[in-house]
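Read the structure below first, then the notes.
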Amino acid sequence: MAGGRAPDTVFRGAIVVDGTGADRYRADVRIADGLITGIGPGLDAPTVVDADGLVLAPGFIDMHAHSDLALLLEPEHPAKVTQGVTCEVLGQDGLSYAPVDDTTLPALRRQLAGWNGDPEGFDWDWRGVAGYLDRIDRTGVAVNACYLVPHGSLRMLAMGWANRPPTAAELDRMRQELAQGLLDGAVGMSSGLSYTPGMYADTAELVELCTVVAAYGGFHAPHQRSYGKGALEGYAEMVEIARRTGCALHLTHATMNFGVNRGRAGELLELVDQALADGVDLTLDSYPYLPGSTTLAALLPSWATEGGPAATLTRLADPAARERIRYEVEEKGSDGCHGVVTDWATIQISGVRTAELARAVGRTVAELAAERGHSGTEVFLDLLRRDELATTILQHVGHEENVRAIMRHPAHTVGSDGLLVGARPHPRAWGTFPRYLGHYSRELGVLTLEEAIARMTGRPAARLGLHRRGRIAPGHHADLVLLDPEKVRDAATFEHPRLPAEGVQHVYVNGTAVVRQGRTTGARPGRALRRTDRGTRSL
């Protein structure tokens, strides 16, 4: 339900933080017909919201969301709207459900079950990017959505899960599918270079595809090759691709993790600053937590996942393949685990699909191994086989000093990277935005309120080409958040990850309230925001 026309509304006496980073000021703000129509004293409208003592900000933009199915299955989207999110960027990490064909879709569903679930009876009635965005609009959703064409999905269409460079014809197929996705409205391309099949791509392949993205005015959002051993080399490769192609670059979940990178955020930021000084169009995002989150299968070495999920499961039953996997994860360092030898005490199970494995949720692989008298690798491989690769995990590998240093950088924006499925998913899916405002801004003073909000609003809107969103200004779309600056905080925890934020009182999307007095309204005024050859269409 998109709902009817929202009544004209004035927010009376709000503390306006406008999304630019400028100092806050007090004003009335009027909205009508989904737009901001006035800012100043003495404004009136049929509906008045008392905003005295409350901050009115543009709606928050989640630059890295994994709501590709959740938005269609639960379109009121409480996890995000209760944080103040009014727009999400989907199609992340090089893997999503458009473009696909009848061969790649079933395998993708299996591969992504840990990220998004695989609901029975769901109607997969699209194949291309245009069809997926149309499905969002037909469903009616609470938030706006942008989409990135996933490089891994392109590779599957052209050459399956083959671990080799593409032929000329296969590369042409990828370029054509990418161009079509951008014409259909995608804002750029994502890549997942530690996930199969994206990890099989070399720099030359990515240069060819980023040249296409640049021609359409989009940006490249890479999950680069490593966030552990080789992290700086991985970031440097992404910057070099941007230099060679002129393609704008957005470093997604920009982190420096694992013991090898403790205290090394400054080295990443030096690389970023040099690139910016050289004219590279570069932004980045991060989440305000130490653990990461992914699938357990992601830790496998790349050779073990060649050929897709069915081939992977066959290898997990083969003793010789299992021993080879054991050597790489325990002694050599799997490329799937960022080149780092896996510490099973840092790998905590957050969700399973198979009911008989539910007791594993919340426990580390090391704890399960000690209980069963097995090695960590034996438990790892057993879980993968029995859960058919659908197990999700938390990885406790982050460093607080790195998190704070990266969020201070002027190119920084905010992305939750939150998975919404599993018994105990990462709380960042429900808590990222209020955690920045409460913990890191109000309590620690790492960012001012104005700086924090600019990272959630105006700066990401500029990256996405949303020229009339992300700011409080006349003529802009009325995506707005009204919050109590003294009370806003994340309530979601690792033990109770689905608790809504506190202190977020009202949220409006395209002028319609999706949250009122802290409760979702059921309204679904969001839409797919499509980039066209004239820029991003945001009407």
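Is at least one residue of the stretch 249-259 small (Gly, Ala, Ser), part of a loop (DSSP other than H, G, I, E, B), open to solvent by 30 Å² or more (accessible area, probe 1.4 Å) and touching a residue at least 24 places away in the same chain (Cβ under 8 Å)? Scanning the stretch 249-259, I find no residue that is small (Gly, Ala, Ser), part of a loop (DSSP other than H, G, I, E, B), open to solvent by 30 Å² or more (accessible area, probe 1.4 Å) and touching a residue at least 24 places away in the same chain (Cβ under 8 Å), so the answer is no. Scanning the stretch 305-359 for residues being over 22 Å from LEU193 (Cβ atoms), among the acidic types (Asp, Glu) and part of a helix (DSSP H, G or I) gives a total of 4. Residues of the stretch 68-84 include at least one that is out of contact with any Gly (no Cβ under 6 Å at 6 or more places or on another chain) and over 19 Å from THR521 (Cα atoms). Tell me whether the stretch 289-303 contains one or more residues that are in contact (Cβ under 8 Å) with a residue 12 or more places away in the chain, polar (S, T, N, Q), closer than 18 Å to VAL397 by Cβ and touching a strand residue (DSSP E or B) at 6+ places or on another chain (Cβ under 6 Å). Within the stretch 289-303, one or more residues are in contact (Cβ under 8 Å) with a residue 12 or more places away in the chain, polar (S, T, N, Q), closer than 18 Å to VAL397 by Cβ and touching a strand residue (DSSP E or B) at 6+ places or on another chain (Cβ under 6 Å).
LEU299 versus (1) open to solvent by less than 20 Å² (accessible area, probe 1.4 Å); (2) out of contact with any Cys (no Cβ under 6 Å at 6 or more places or on another chain): which is the lone unmet condition? Condition not satisfied by LEU299: (2). Yes or no: ARG459 open to solvent by 20 Å² or more (accessible area, probe 1.4 Å) and in contact with a strand residue (DSSP E or B) (Cβ under 7 Å, 6 or more places away or on another chain)? Yes; evaluated as a whole, the condition is true for this residue. Within the stretch 360-378, the only residue that satisfies the criterion of being assigned to a loop (DSSP other than H, G, I, E, B) and of a type in the set (Ser, Thr, Tyr) is SER375.
Of everything in the stretch 499-517, what is part of a loop (DSSP other than H, G, I, E, B) and surrounded by fewer than 16 Cβ atoms within 10 Å (Cβ to Cβ)? Give them in sequence order. Correct list: LEU499, GLN517. Going through (1) open to solvent by 20 Å² or more (accessible area, probe 1.4 Å); (2) modelled with pLDDT of 95 or more one by one, THR391 falls short only on (1). Residues satisfying the criterion are absent from the stretch 62-77 (criterion: open to solvent by 60 Å² or more (accessible area, probe 1.4 Å) and closer than 20 Å to LEU466 by Cα). Against the list (1) closer than 30 Å to GLU378 by Cα; (2) open to solvent by 20 Å² or more (accessible area, probe 1.4 Å); (3) in a helix (DSSP H, G or I), the condition GLU270 fails is (1).
The values are calculated or read from the model by the stated rules, or taken from the named source; none is laboratory data. None of the values given here were measured: they were computed from a predicted structure. Every residue, glycine as well, gets a Cβ built from its backbone with ideal geometry; the counts of neighbours run over all protein chains shown. To get the accessible areas, we keep the full protein, side chains included, count just its heavy atoms, and leave off ligands, DNA and RNA. Shrake-Rupley method; radii C 1.70, N 1.55, O 1.52, S 1.80 Å.
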